[in-house]
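Notes follow the structure.
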Amino acid sequence: MKLVLRGHHLLCLKGFQGYGYDEDFVENMIKVNKLRKLSTTTVSLTNQADDLCASCPNLNDKLCKDHGHNEIIVEMDNEMLKKIDPSKEYNSVELFKEIDTIFNTLESVSEICFNCMWHEKCLFYQKLSNNR
């Protein structure tokens, strides 16, 4: 299986605990989260709408309906993609191990997660906050 994921969604998947914009979004997030844990899954990275965005009720013509919010999302992606090569295709399990190595402090995700509306519910962000 091949997934296409936005840069910042790599962190979202690590912190997901069942919240989302609507039921369809949550179901898709659960499905993608299961797939990313399989050694047979590969991941390509992007800073555009991806396999998670496909079920987002805020997606309009491959962009967030709120163009200001879309700019913030792309900035979050680009911060991630500064540290992970977006031109490569990754084995999903290995990629998420690499994520754990690169993004292991609150400071390492501050530019990515700080403006996220979900950071207070995100298990990944909470874990980093508790490790301070």
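The values are calculated or read from the model by the stated rules, or taken from the named source; none is laboratory data. Small disclaimer: the values here were computed from a predicted structure and weren't measured. Glycine gets a Cβ as well: all are built from the backbone with ideal geometry, and neighbour counts include every protein chain shown.
Search region 1-18 for residues being part of a loop (DSSP other than H, G, I, E, B) and touching a Cys at 6+ places or on another chain (Cβ under 9 Å), and hand back the single one that is nearest to C116 (Cα to Cα).
Applying the filter and picking the extreme gives H8.
Scanning region 9-27 for residues that are surrounded by 18 or more Cβ atoms within 10 Å (Cβ to Cβ), at pLDDT 95 or above and of a type outside the set (A, V, I, L, M, F, W, C) turns up just one, H9.
Of all the listed residues (I102, I112), the sole one being among the aliphatic types (A, V, I, L, M) and modelled with pLDDT under 90 is I112. I need a count of the residues in region 75-100 that are within 21 Å of K34 (Cα to Cα), assigned to a helix (DSSP H, G or I) and of a type outside the set (A, V, I, L, M, F, W, C). Count: 5. Would you confirm whether any residue within region 41-50 is of a type outside the set (V, I, T), loosely packed, with under 13 Cβ neighbours inside 10 Å, at pLDDT 95 or above and within 23 Å of L123 (Cα to Cα)? For region 41-50, residues of a type outside the set (V, I, T), loosely packed, with under 13 Cβ neighbours inside 10 Å, at pLDDT 95 or above and within 23 Å of L123 (Cα to Cα): absent.
Here K121 passes the criteria (1) at pLDDT 80 or above; (2) exposed (fewer than 15 other Cβ atoms within 10 Å of the Cβ); (3) part of a loop (DSSP other than H, G, I, E, B) except the one numbered (1). Does N33 qualify as being outside any strand (DSSP E or B) and either of a type in the set (V, I, T) or free of Cβ contacts under 8 Å to residues at least 60 places away in the same chain (or both)? Yes. Just one of (1) modelled with pLDDT under 95; (2) surrounded by fewer than 15 Cβ atoms within 10 Å (Cβ to Cβ) fails for C56. It is (2).
Out of all the residues in region 30-46, is one or more in contact with a helix residue (DSSP H, G or I) (Cβ under 8 Å, 6 or more places away or on another chain) and within 22 Å of S110 (Cβ to Cβ)? Even if it seems obvious, please write down each step before you answer.
Let us first name the residues in region 30-46 that are in contact with a helix residue (DSSP H, G or I) (Cβ under 8 Å, 6 or more places away or on another chain), namely 32-33, 35-39, 41-43, 45-46.
Then drop every residue that is not within 22 Å of S110 (Cβ to Cβ), which leaves 45.
Yes, there is a match, as at least one residue in region 30-46 is in contact with a helix residue (DSSP H, G or I) (Cβ under 8 Å, 6 or more places away or on another chain) and within 22 Å of S110 (Cβ to Cβ).
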